[in-house]
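One structure below.
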Amino acid sequence: MDRRVTATMKDPNGNITALCNVGQSWSPRPIKDVLRDINSGMKSYYVQEQPRRSYVRAVSGALQTTADATDKNHLAGLPICPPPAPTPPRSRRAKPAAAPRKSR
């Protein structure tokens with residue numbers, strides 16, 4: 001299954017830490033999981049900011065995009081992912097009160 005990458009998350013040093021496509025259930029996906037997906041052959045990732053796709057490859061434990069004619073199809077050139085929406089706290093339901101016992 002191909003997953004389109006539209007943005008990245010980066011650490012304070014500018015290193016990519018996750019790949020993103022807002023609105024997709026897999027996003028954001030940490031780099032270690034992306035590497036595992038690619039190396040196992042279970043998933044592939046690509047950038048498509050131009051008509052042609054540029055696939056993301058795992059090379060020596062790092063990610064890189066396949067060469068193409070434009071600089072826009074590279075991970076480093078993608079925008080930063082917006083932070084994930086906060087998850088609403090789970091409401092704790094009160095346990096229903098036990099029914100009163102009938103006296104005999």
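Figures for the structure shown
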| read-out | value |
| --- | --- |
| Matching entry among A58, A76 (being modelled with pLDDT under 95, in contact with a Gly (Cβ under 9 Å, 6 or more places away or on another chain) and not in a loop (DSSP other than H, G, I, E, B)) | A76 |
| Output for region 25-50, where each listed residue is out of contact with any Ser or Thr (no Cβ under 9 Å at 6 or more places or on another chain) and in a loop (DSSP other than H, G, I, E, B) | S25, W26, G41, M42, K43 |
| Residue selected from region 22-51 under the condition surrounded by 14 or more Cβ atoms within 10 Å (Cβ to Cβ) and of a type in the set (G, A, S), by the criterion farthest from H74 (Cα to Cα) | S27 |
| Among the residues listed as L19, L63, the single one being crowded, with 16+ Cβ neighbours inside 10 Å, over 29 Å from T87 (Cα atoms) and hydrophobic (A, V, I, L, M, F, W, C) | L63 |
| Those residues of region 22-43 which are among the hydroxyl-bearing types (S, T, Y) and either closer than 23 Å to P83 by Cα or in contact (Cβ under 8 Å) with a residue 60 or more places away in the chain (or both), in sequence order | S25, S27 |
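The values are calculated or read from the model by the stated rules, or taken from the named source; none is laboratory data. As the structure is a prediction and not an experimental result, all values here were calculated from the model. Because the Cβ atoms are built from the backbone with ideal geometry, glycine has one as well, and the counts that use them run over all protein chains shown.
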